[in-house]
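**Student:** I'd like to ask some things about the structure below.
The values are calculated or read from the model by the stated rules, or taken from the named source; none is laboratory data. Everything numeric here is computed off the predicted structure, so don't read it as measured data. Here the Cβ is made from the backbone with ideal geometry for all residues, glycine too, and neighbour counts use every protein chain on show. For the accessible areas, the whole protein counts, side chains as well, though only heavy atoms, and no ligand, DNA or RNA atoms are used. Shrake-Rupley method; radii C 1.70, N 1.55, O 1.52, S 1.80 Å.
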Amino acid sequence: MSVLLLRLAGPLQSWGSSARFTRRTTENAPTKSGVVGLLAAAQGRRRDANLSDLAALKFGVRIDQPGSRLRDFHTAHHSDTLKAMPLSERFYLADAVFVAGVSGEDRLVQRLYEALLEPVFLPYLGRRSCPPSRPVPIAEPLEGELEQTLREARWEASGWYRRQRAASFRRRGQVPPDDVRLDVLLDSPAASDQLPDITLRDLPMSFDPRHRRYGLRGVRMTETRVPTEAGTRPSSPPPPHEPTSLLTPVTPRTD
């Protein structure tokens with residue numbers, strides 16, 4: 001079994017599991033359905049494509065930088081009729097960084113890694129208005145177990161967040177510790193011996209806009225401590241391919 005680690009970092013992210021109608025909420029960490037959607041898009045799968053192989057992947061996420069919750073009072077107009085759409089509230093996570101991981105059969109995981117290097121559809125962090133600010137794949141697929149790999153991955157928090165955290169200890173007259181405590185959220189299958197800490201309707205069955213379907217997914221919560229400087233498994237250099245480099249810039253209108 002292989003593990004693929006993903007760095008999910010950006011100015012804004014939004015990972016809804018129960019968002020409905022005009023109130024579009026976000027969870028505090030990436031959802032499995034959101035990450036599966038990101039991977040399916042990178043492979044070029046259409047919304048009505050079979051997702052059973054991706055849904056069967058083991059999934060976990062580590063909260064390296066929790067960010068802050070942002071509320072947007074949202075207005076919109078239909079692009080064709082210019083008719084006003086219903087007012088809505090949309091919630092985001094600002095300045096958050098996560099390390100997500102998927103684990104599964106070696107060839108599938110390798111194909112997902114290659115798709116992220118040259119995605120068919122650009123990846124986004126929960127919503128199309130939330131592009132990643134850093135390369136998504138952290139390294140090539142690793143051999144190992146998902147939970148242990150997440151525990152050993154290096155801390156991916158932003159430089160300013162690290163400095164801010166260290167300064168908060170110094171203001172209290174304390175020496176910043178050499179490690180940081182991070183929350184980890186893991187799949188908790190129904191067949192496992194452990195009861196889930198929470199249950200979300202977050203198991204993707206179909207992204208078909210005519211009938212989106214999600215099953216229940218159990219989530220187990222734990223924590224780990226990671227060195228503030230480097231982890232047991234260092235990340236590789238950023239991939240050489242930047243998928244947005246070939247996009248044509250939009251020319252501002254002058255009229």
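**Student:** For the structure I just gave you, tell me whether VAL180 is surrounded by 12 or more Cβ atoms within 10 Å (Cβ to Cβ) and within 21 Å of GLN43 (Cβ to Cβ).
**Tutor:** no
**Student:** Let me ask you something else. Looking at ASP48, ASP80, ASP72, which one is open to solvent by 30 Å² or more (accessible area, probe 1.4 Å), assigned to a loop (DSSP other than H, G, I, E, B) and free of Cβ contacts under 8 Å to residues at least 24 places away in the same chain?
**Tutor:** Within the list ASP48, ASP80, ASP72, the selection yields ASP80.
**Student:** Quick check on the range 131-148. Is at least one of its residues farther than 22 Å from ARG220 by Cβ, touching a residue at least 12 places away in the same chain (Cβ under 8 Å) and open to solvent by 80 Å² or more (accessible area, probe 1.4 Å)?
**Tutor:** yes
**Student:** Tell me the residue from MET205, MET221 that is modelled with pLDDT of 95 or more and either more than 18 Å from the chain's Cα centre (by Cα) or exposed (fewer than 15 other Cβ atoms within 10 Å of the Cβ) (or both), please.
**Tutor:** MET221
**Student:** Continuing with this model, one more query. Within the range 161-191, restricting attention to residues that are touching a residue at least 24 places away in the same chain (Cβ under 8 Å) and among the hydroxyl-bearing types (Ser, Thr, Tyr), which residue is nearest to SER68 (Cα to Cα)?
**Tutor:** TYR161
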